[in-house]
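Student: Take a look at the following structure, please.
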Amino acid sequence: MTTVINQHTKQSGHRPSTTSPLAREDFGSDFKWGVATAAYQIEGAVHDDGRSDCVWDVFARKKGKIRNGDHARHACDFYHRYEQDLELVRELGFEQFRFSISWSRILPDGHGRVNQAGIDYYNRLIDRCIALGIEPWITLYHWDLPQVLEKSGGWKNRRIVEWFAEYTAVCAHAFGDRVRHWIVLNEPMAVAGLGYTTGEHAPGNKGIHNFLPVVHHLALSQAEGGRVLRRLLPEARIGNAISCSYVVPNSQSAADIRAARRADALMNRLFIEPALGLGYPKDAFPFLSNIKRFMREGDRERLKFDFDFWGLQNYFSVVVQHSYLAPVMWLKEVPATLRNVPTTGLGWEVSPMGMYEILKQFHRYQGVRELVITENGAAFKDKPQDGKVDDQERTGYYQEYLDAVKKAKNEGVNITGYFAWTLLDNFEWAHGYSARFGLVFVDFKTQERTVKESGKWFARFLKKTEK
Ligand code: BGC
């Protein structure tokens with residue numbers, strides 16, 4: 001696919017125009033509305049019922065890795081409070097709940113011995129969702145690799161493809177009778193980039209030499225996971241969730257436009273194109289040609305899998321410029337905070353137009369059947385006052401982004417669902433508890449939950465009108 005690097009929205013602060021207030025009905029009666037979570041960010045109970053350490057447990061114990069020395073040993077204590085938290089999902093009006101499985105609860109040794117207590121926990125969670133009329137969506141891998149596997153090289157070791165296939169099969173056997181929607185990997189680019197190259201995320205490995213083998217093993221695993229699910233659960237709807245950001249060059253110079261194409265290749269094309277049979281996007285980023293060193297005969301075929309849907313996770317747009325100071329990528333981002341555009345509490349550009357453009361961009365791939373926004377949301381500085389969290393900026397963010405989704409859908413993009421990120425304020429990886437993304441405020445000292453005004457807005461928006 002030739003990606004069109006857009007030239008007109010360097011300041012993508014401008015908004016799609018809302019002609020009438022947003023209504024649930026505008027998205028169609030079969031559009032899926034959900035809220036997304038991830039095991040490590042909410043569960044806590046890291047040593048309960050036979051769970052082994054994952055890479056994040058070990059990473060969080062090291063000094064200086066997580067803001068304020070935070071850790072996820074208790075997080076939101078969702079492991080023990082899932083029943084009441086699922087009531088909140090229902091109260092907010094969502095009919096789909098996306099959660100991830102902790103590999104270390106299911107296979108504490110990474111592979112081999114199955115921990116029945118781990119299976120039992122997710123069975124209780126799934127059954128509770130179904131009892132409440134909420135459809136469970138499983139993510140198999142949301143970054144919490146069992147530490148024992150990291151000791152054997154983790155995603156650097158090609159054997160991970162087999163380990164992941166085994167884990168996938170165990171989950172398919174255990175939960176496939178009740179779960180129809182499956183997401184294989186969550187944001188593999190973050191694993192390769194932050195986990196194994198810059199070291200900002202667990203397992204904290206640094207070095208560009210890790211990047212290509214890790215990318216390749218993740219790309220092989222996403223396809224292999226898909227194949228295992230399809231074989232064991234022929235009725236399942238199988239997807240993969242990738243991060244994506246609309247990329248804009250800082251100027252119309254040839255160097256900036258090439259830099260934007262490289263960024264686009266990394267941020268948007270790297271994991272979808274091999275699955276679609278297009279190979280890695282070497283055209284825009286020649287460095288990727290070196291990946292052939294890690295490819296074996298038959299890999300081009302092995303990388304392919306025909307996913308039923310692609311999960312897109314979009315938060316912001318990026319503006320990039322050429323830079324001689326950044327070897328390999330030769331580019332740098334122009335921070336949103338220097339561009340006079342609206343930003344969230346993490347300094348991410350609020351760019352509903354970027355959501356619209358990215359949906360259009362992915363829609364252009366011939367092999368993409370269906371798109372689902374599997375994450376979208378924003379962190380702001382929330383302060384409870386008199387039992388209320390008046391987070392108007394977050395509500396505004398959601399309204400504008402949903403308007404952009406609606407615009408893309410009306411123009412023919414086959415988008416069938418939207419998941420807000422996220423239900424509860426939670427362990428936001430290296431930011432610890434300092435970044436709050438929830439629709440529900442969590443007091444981490446008392447574990448008290450308060451539905452924010454944005455959560456109440458969703459409840460009103462999603463309420464079905466009686467016919
Ligand atoms: C991840 C989430 C994370 C969110 C906000 C996504 O990249 O999948 O786990 O909390 O973004 O940073």
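The values are calculated or read from the model by the stated rules, or taken from the named source; none is laboratory data. Keep in mind it's a predicted model, so treat the numbers as computed, not measured. No Cβ is skipped: glycine too gets one built from the backbone with ideal geometry, and neighbour counts run over all protein chains shown. Just so you know, the surface numbers come from the protein's heavy atoms only, side chains and all, with ligands and any DNA or RNA stripped out. Shrake-Rupley method; radii C 1.70, N 1.55, O 1.52, S 1.80 Å.
Student: May I ask you to verify whether Gly438 is within 14 Å of the ligand (Cβ to nearest atom), open to solvent by less than 30 Å² (accessible area, probe 1.4 Å) and more than 16 Å from Lys32 (Cα to Cα)?
Tutor: yes
Student: Taking the criterion of being out of contact with any Pro (no Cβ under 7 Å at 6 or more places or on another chain), modelled with pLDDT of 95 or more and closer than 24 Å to Arg230 by Cα, would at least one residue in the range 264-273 satisfy it?
Tutor: yes
Student: In the range 149-188, which residue that is more than 16 Å from the ligand (Cβ to nearest atom) and among the polar types (S, T, N, Q) is surrounded by the fewest Cβ atoms within 10 Å (Cβ to Cβ)?
Tutor: Among those that are more than 16 Å from the ligand (Cβ to nearest atom) and among the polar types (S, T, N, Q), it is Ser152.
Student: Can Ser221 be described as in contact (Cβ under 8 Å) with a residue 40 or more places away in the chain and either within 16 Å of the ligand (Cβ to nearest atom) or aromatic (Phe, Trp, Tyr) (or both)?
Tutor: no
Student: Let me ask something else. Would you be able to tell me the number of residues in the range 223-262 that are out of contact with any Ser or Thr (no Cβ under 9 Å at 6 or more places or on another chain) and among the hydroxyl-bearing types (Ser, Thr, Tyr)?
Tutor: 3
Student: Restricting the search to the range 366-404, which residues are polar (S, T, N, Q) and either out of contact with any Phe, Trp or Tyr (no Cβ under 6 Å at 6 or more places or on another chain) or modelled with pLDDT under 95 (or both)?
Tutor: Listed by number, the residues that qualify are Gln366, Gln385, Gln392, Gln399.
Student: While we're here: Would you call Ala336 over 30 Å from Phe27 (Cα atoms), within 16 Å of the ligand (Cβ to nearest atom) and out of contact with any Cys (no Cβ under 7 Å at 6 or more places or on another chain)?
Tutor: yes
Student: Given (1) open to solvent by 20 Å² or more (accessible area, probe 1.4 Å); (2) hydrophobic (A, V, I, L, M, F, W, C); (3) not in a helix (DSSP H, G or I), where does Val319 come up short, assuming only one miss?
Tutor: Just one mismatch for Val319, condition (1).
Student: Of all residues in the range 437-467, which are of a type in the set (Lys, Arg), farther than 29 Å from Asp26 by Cα and in contact with a Phe, Trp or Tyr (Cβ under 9 Å, 6 or more places away or on another chain)?
Tutor: Within the range 437-467, just Arg449 meets the criteria.
Student: Kindly indicate whether Trp137 is within 22 Å of the chain's Cα centre (by Cα), within 16 Å of the ligand (Cβ to nearest atom), in a loop (DSSP other than H, G, I, E, B) and not aliphatic (A, V, I, L, M).
Tutor: Here the answer is no, as Trp137 does not meet what is asked.
Student: A further question on this structure: State all residues of the range 417-435 that are near the ligand (Cβ under 10 Å from one of its atoms) and of a type outside the set (A, V, I, L, M, F, W, C); if no residue qualifies, say none.
Tutor: Once the filter is applied, which keeps residues that are near the ligand (Cβ under 10 Å from one of its atoms) and of a type outside the set (A, V, I, L, M, F, W, C), the range 417-435 yields Thr422, Asn426, Glu428, His431.
Student: What number of residues within the range 195-209 are surrounded by fewer than 19 Cβ atoms within 10 Å (Cβ to Cβ) and under 22 Å from Tyr280 (Cα atoms)?
Tutor: Number satisfying all stated conditions: 4.
Student: Testing Tyr324 on (1) away from the ligand (no atom under 16 Å from the Cβ); (2) open to solvent by less than 60 Å² (accessible area, probe 1.4 Å); (3) of a type outside the set (A, V, I, L, M), one condition comes back false. Which one is that?
Tutor: The single condition Tyr324 does not satisfy is (2).
Student: Among the residues of the range 22-62, count how many are open to solvent by 30 Å² or more (accessible area, probe 1.4 Å), in a helix (DSSP H, G or I) and farther than 16 Å from His201 by Cβ.
Tutor: So the count comes out to 5.
Student: Across the range 269-316, what is the total count of residues that are part of a loop (DSSP other than H, G, I, E, B) and either farther than 18 Å from Glu370 by Cβ or of a type outside the set (Lys, Arg) (or both)?
Tutor: Count: 24.
Student: Which residue out of Ala165, Ala169 is out of contact with any Asp or Glu (no Cβ under 6 Å at 6 or more places or on another chain) and in a helix (DSSP H, G or I)?
Tutor: Exactly one residue qualifies, and that residue is Ala169.
Student: Just to check your reading of the model, which residue among Ile126, Ile134, Ile101 is open to solvent by less than 10 Å² (accessible area, probe 1.4 Å), in contact with a Leu (Cβ under 9 Å, 6 or more places away or on another chain), within 27 Å of Arg24 (Cβ to Cβ) and of a type in the set (Val, Ile, Thr)?
Tutor: From the options Ile126, Ile134, Ile101, the qualifying one is Ile134.
Student: Would you check if there is a residue in the range 363-381 being assigned to a loop (DSSP other than H, G, I, E, B), more than 15 Å from the ligand (Cβ to nearest atom) and within 27 Å of His74 (Cβ to Cβ)?
Tutor: Yes: the range 363-381 contains one or more residues that are assigned to a loop (DSSP other than H, G, I, E, B), more than 15 Å from the ligand (Cβ to nearest atom) and within 27 Å of His74 (Cβ to Cβ).
Student: Can you find a residue that is surrounded by fewer than 16 Cβ atoms within 10 Å (Cβ to Cβ) and out of contact with any Ser or Thr (no Cβ under 7 Å at 6 or more places or on another chain) anywhere in the range 367-374?
Tutor: Yes, there is a match, as at least one residue in the range 367-374 is surrounded by fewer than 16 Cβ atoms within 10 Å (Cβ to Cβ) and out of contact with any Ser or Thr (no Cβ under 7 Å at 6 or more places or on another chain).
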